[in-house]
Amino acid sequence: GILFDLDGTLIDSAPDITAATNELIAKEGLAPLPLAAVRGMIGKGVTNLVARAYEASGLPLSPEALGEAVARMMPVYERHLTRLTVVLPGALEIVRALSAARVRLAIVSNKPHAFTCEIARHYGFAEHLAAVRGADDGIAKKPAPDMLLVAAAQMGLKPGRCLMVGDSVSDVQAARAAGMAVIIVEGGYTSTSASALGADAVASSLSALPAAIEQIKEAG
């Protein structure tokens, strides 16, 4: 089985997330944040995104105010799921090919679960997936292993039979904690070099994923 991260791995959602973030902070009279700044805030869930956006705007929030801002963000975010987001090159092709080869596939994202499911459906991934796991209350987000373990169980596989494919240190840490091998795809939402994240292999693109998988097999 192969578990894919979503943002920065299968899709480029940074433009949509930037639009949603700027719509939120505009209500406070704050100036819009550039795409590059918001891109660096993606990957650890909505609460982290909102907190960092307000901090970058010079208005750090108390825990109570942060909770209120996150609640305001959710309907804004929901309106910005599929307006500007694009599928990354090779993403659908590799998912289709792996599905045709009878590899069980899942998406595991720190994005809210309902939003993750909607994006998977909208962009044509859902029909090829055995499981979709987004962030929900009661389950720890990556870098904790919980979401990966739930997805593996939904696929009917032991964690050791699964591979995580992502773009960030959270993906690597979650995979390690879950007892899964992990491949990092270059070009994602991380300021750290892909080769420095500690994955079992690095793929230069999604089209290079089969070669990275073979590299892990040979090393094992």
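The figures follow:
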| item | result |
| --- | --- |
| Rounded accessible area per residue of the chain, 1.4 Å, Å² | 44 |
| Whole-angstrom gap from segment 73-120 to segment 192-220, using each part's C-alpha centre | 21 |
| Partner lysines for K158 [C-alpha distance under 29 Å; skip if fewer than 8 residues away on the same chain] | K44, K111, K141, K142, K217 |
| Cα-based helix-to-principal-axis angle, 113-122 vs the chain, degrees rounded to 10 | 70 |
| Accessible surface of segment 1-93, 1.4 Å probe, proportion on carbon and sulfur as whole % | 58 |
| Interchain or long-range residues, amide H under 5 Å from V182's placed H | M164, D200, A201 |
| Cα-based convex hull volume of segment 1-56 per residue, rounded to whole Å³ | 73 |
| Alpha-carbon spread of the chain, three principal axes, descending order, Å | 55, 32, 30 |
| Note, ³J(HN,Hα) from phi for segment 83-91, Karplus 6.51, -1.76, 1.60, rounded to Hz, x at Gly and Pro | 7, 10, 5, 10, 6, 6, x, x, 5 |
| Charge-dipole axis of the chain as Lys and Arg at +1 and Asp and Glu at -1 on Cβ define it, positive-most pick from A14, Y54, P210 | P210 |
| Within the chain, longest stretch clear of exposed trypsin sites (Lys or Arg not before Pro) (DSSP loop, no more than 16 other Cβ within 10 Å) | 103-220 |
| Accessible surface of segment 94-195, 1.4 Å probe, proportion on carbon and sulfur as whole % | 49 |
| Rough spin-label spacing in nm, given labels placed 7 Å along Cα→Cβ, for L92 and E186 | 2.6 |
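The values are calculated or read from the model by the stated rules, or taken from the named source; none is laboratory data. Keep in mind it's a predicted model, so treat the numbers as computed, not measured. Using ideal geometry, Cβ is built from the backbone for each residue, glycine included, and neighbour counts are taken over all protein chains shown. Please note that ligands, DNA and RNA were not included when accessible areas were found on the heavy atoms of the full protein model with its side chains. Shrake-Rupley method; radii C 1.70, N 1.55, O 1.52, S 1.80 Å.
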